[in-house]
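What follows is a short report on a single structure.
Readers should treat all values here as calculations from the given coordinates under stated rules, not as data from a laboratory. None of the values given here were measured: they were computed from a predicted structure. Heads up, the Cβs are rebuilt from the backbone with ideal geometry, glycines too, and the neighbour counts pull from every protein chain shown.
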Amino acid sequence: MEKRMEAIIDLCQTLPVTVDVGCDHGYVGLELLRSDKTNHLIACDISKPSLQKAINLLNDNGFTERFSARVGDGLSVINKGEKIDQVVIAGMGGMEIIHILKEFNKPNAIRNLVLQPMNQILQLREFLCTNGYEITRDLIIKEGDKFYHILSVRAGHQELSELELGFGAIYSDRKSKDFADWLKQKEKKTKAILKQMPKDNQKYDYFKHWLLNMKAIKQTLTEL
C-alpha cells in the first residue's frame, strides 16, 4: 500500500457510514471495507467512468452488499436526512475541498473528515478554523519526491496562529523526518525565489516574511 494511502486509512476512524468523495479507482474505499473501518461505503465521483472503475474493484473483491455508488459533485450526492459518519476527500485541490464543504455546510453532521489537498493547504486550514471545524491531526507525508498534507478534522472551534496556518497546528507531527524534509525543501525554494527577485517586487516582502516564519518553525523544532 502507498504511504499516502496508508496515512489516509490510519486517520479514518471505525464508523458505520463513510463517504469517499472523488473516489476515482476506489482503492481507499476498498481498504476501509477490508479493514472493517466502515460498515457501508458511499463511493462517489463526478466522473462516471472513474466511478465505474471503483464499482468494478469493489464488486471484484466481494463487497457488493456493502457499498453504494453515486455520480455527482462533492457531497451533493447525499440525500436529505441521510446519515453519514465519516468523509474522505483526497487528491483534490484545496479550493475544491473548500467548495465541497461550503456547499454541504453541515459540520456537525460528520464525526470525522480526512482531507488530503494537493495544494492551497493554508487556505484550507483557514477555512476550516473559521467555519465550524477543528483540525485534530495535521501530517506531512513524503512519498517518492512529493509531499502530501493530510488532515483529520471534526466539528468544533479552533483559532490558529499565522505559523499554524502555514505549517500545521502546534500539535502536528513536526518531529517527523518527512516534516523536516518538507521544511528544508520549502526553505530552499523560497531562498531561490528571493535571490532572483528584485527587492522592489511587490511579492518580495511576502516571501521574505514566510522565510522568517520558516526560521521560527525551525526554532520550535529544537524546543520539541
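Karplus-derived 3J(HN,Hα) values for the stretch 9-20, using 6.51 cos²θ - 1.76 cosθ + 1.60 with θ = phi - 60°, are 4, 4, 7, 6, 8, 7, 9, x, 10, 10, 9, 9 Hz; glycine and proline are entered as x. Counted over the chain, the DSSP beta bridges are approximately 40% antiparallel. Put a dot 7 Å past the Cα of residue 181, heading toward its Cβ, do the same for residue 200, and the two dots end up 4.2 nm apart.
Each residue in 176, 152, 50 was given a count of other beta-carbon atoms within 10 angstrom of its own, and listing them fewest first yields 176, 50, 152.
Summarising the amide proton neighbourhood of residue 84: residues at separation of 5 or more, or on other chains, whose placed amide H is nearer than 5 Å comprise an empty set.
The phi torsions of the stretch 179-191, fed into the Karplus equation with coefficients 6.51, -1.76 and 1.60 and a -60° offset, translate into couplings of 5, 4, 5, 4, 5, 4, 5, 5, 5, 4, 5, 5, 4 Hz, rounded to whole numbers, with Gly and Pro shown as x. When only the Cβ of Lys, Arg, Asp and Glu is charged (+1, +1, -1, -1), the dipole of the stretch 1-140 relative to its Cα centre reaches about 200 debye. Loop-resident trypsin sites (Lys or Arg not before Pro) (DSSP state other than H, G, I, E or B) in the stretch 126-179 with no more than 16 further Cβ atoms inside 10 Å of their Cβ: 175.
Each of 211, 185, 196 was scored by the projection of its Cα onto the charge dipole of the stretch 179-223, and the greatest displacement toward the positive side belongs to 196; charges sit on the C-beta of Lys, Arg, Asp and Glu. Below 24 Å Cα-Cα, how many Lys pairs turn up in the stretch 3-168? Only count pairs eight or more apart in sequence, or on different chains, if you could. Taking the Cα cut-off of 24 Å, the pair count is 14. Here the stretch 78-131 is assigned +1 on the Cβ of each Lys and Arg and -1 on the Cβ of each Asp and Glu. Its dipole about the Cα centre then comes out at about 160 debye.
Charged side chains reduced to their Cβ positions (Lys and Arg at +1, Asp and Glu at -1) give the stretch 179-223 a dipole of some 180 debye around its Cα centre.
Mean separation of Cα pairs under 8 Å and 6 or more residues apart, divided by the residue count, gives the chain a relative contact order of 15 percent. What shape does the stretch 97-224 have by the C-alpha gyration tensor, where a ≥ b ≥ c are the square roots of the eigenvalues, rounded means a/c under 1.5, and otherwise prolate means a/b greater than b/c and oblate the rest? Prolate, because a/c is 1.5 or more and a/b exceeds b/c.
Between rounded, prolate and oblate, where does the chain land on the alpha carbon gyration tensor, with a ≥ b ≥ c its root eigenvalues, rounded for a/c under 1.5, else prolate if a/b exceeds b/c? Prolate, because a/c is 1.5 or more and a/b exceeds b/c. Shape of the stretch 85-145 from the C-alpha gyration tensor: prolate (a/c of 1.5 or more and a/b above b/c, with a ≥ b ≥ c the square roots of its eigenvalues).
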